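Colleague: Pasting in a structure now, in structure tokens, and then I'll have a few things to ask.
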């Protein structure tokens, strides 16, 4: 391909958004011509294939790409980073969605979709790198980490609960979510937040708890048992939250 044709190819690509589908430009140049351009862009390394009929420009913002691929909201430690509650560069970007999907590898970063099983809500819009992102609210970050502890490292829990003090209205939001959640989630929240949350919040959770059955902080793994919350905690989460 001549330098002029390469330039024209790049000029067309520059008019497209960082995350785009074939429909973005095939409508005005024809399907065959569109796929010819896509092949060249892929060969030159200017774009990556994200999913069927969708592509990513090389160098695009990782958070925007993760959100676009899964059509969810940024959550867990990734949301903490965008809230300014975590400063380390993310190696994984968590996107909360309503179904199960595969992890996407974007260079050195893993984009991890999390099936929230009925709790795939709680985001708000903010601007990051000139893109609008749908990011978990602060109280939803706290709830999500206890609802899906598999995706919540203890250091992030420490940051979430110690770098910012929730307002009363935010505690009320967490409580509202706990009323809707499975008993196992409620017990994890109560156990993890005791001593951090206001006494009225802890008391409400105690009243909502049941004296039947037991739960696990990490599903299926036994460890230290809390009779008060009827939950097994195998890895010293309270020490992380309180002492790190």
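Colleague: How are the C-alpha pair distances of segment 153-244 spread across 10 Å bins, as whole percents from the shortest bin up?
Modeller: Result returned by the calculation: 16, 50, 32, 2.
Colleague: By DSSP, what percent of the beta bridges with both residues in the chain are antiparallel, rounded to the nearest 5?
Modeller: That works out to approximately 70 percent antiparallel.
Colleague: Still on this structure: Measure out, as a whole number of angstrom, how far apart the alpha-carbon centroids of segment 177-214 and segment 28-55 sit.
Modeller: When both Cα centres are located, 50 Å separates them.
Colleague: Now a separate question. With both partners inside segment 33-128, how many of the DSSP beta bridges are antiparallel, as a percent to the nearest 5?
Modeller: 60
Colleague: Give the angle, between 0 and 90 degrees and rounded to the nearest 10, that separates the Cα long axis of helix 138-147 from the longest principal axis of the Cα atoms of the chain.
Modeller: 70
Colleague: Kindly give the semi-axes, whole Å and largest first, of the ellipsoid equivalent to segment 15-107, taking each as the square root of 5 times a Cα gyration tensor eigenvalue.
Modeller: That gives 29, 14, 11 Å for the three semi-axes.
Colleague: Let me ask you something else. Hey, what number do you get for the chain at 222 nm if only DSSP H runs of n ≥ 4 count, each worth -39500 (n - 2.57), divided across all residues, to the nearest 500?
Modeller: Per the formula, -13000 deg cm²/dmol.
Colleague: Per residue Cα convex hull volume for segment 67-165, in cubic angstrom?
Modeller: Cα convex hull per residue, to the nearest whole number: 97 Å³.
Colleague: Right, another one. State, to one decimal in nm², a quarter of the convex hull surface area for the C-alpha atoms of the chain, i.e. the direction-averaged projected area.
Modeller: Mean projected area for the chain: 15.1 nm², to one decimal.
Colleague: First check a/c for segment 106-158, with a ≥ b ≥ c the square roots of the eigenvalues of its C-alpha gyration tensor; if it is under 1.5, answer rounded, and if not, answer prolate when a/b is larger than b/c or oblate otherwise.
Modeller: oblate
Colleague: Could you rank the peptides 79-88, 127-136 by their average count of other C-beta atoms within 10 Å per residue, with the highest value first?
Modeller: Order by mean packing, descending: 79-88, 127-136.
Colleague: Provide the packing ranking of 142-150, 171-179, i.e. peptides ordered by the mean count of other C-beta atoms within 10 Å per residue, highest first.
Modeller: Result, highest mean Cβ count within 10 Å first: 142-150, 171-179.
Colleague: By how many degrees, between 0 and 90 and to the nearest 10, does the Cα long axis of helix 3-14 differ from the longest principal axis of the chain?
Modeller: Its long axis makes an angle of about 30 degrees.
Each value in this text was obtained by applying a stated rule to the coordinates, not by laboratory testing. What you are looking at is a predicted structure, and each value in this text was computed from that prediction instead of being measured. With ideal geometry, Cβ positions are generated from the backbone for all residues, glycine too; neighbour counts draw on all protein chains shown.
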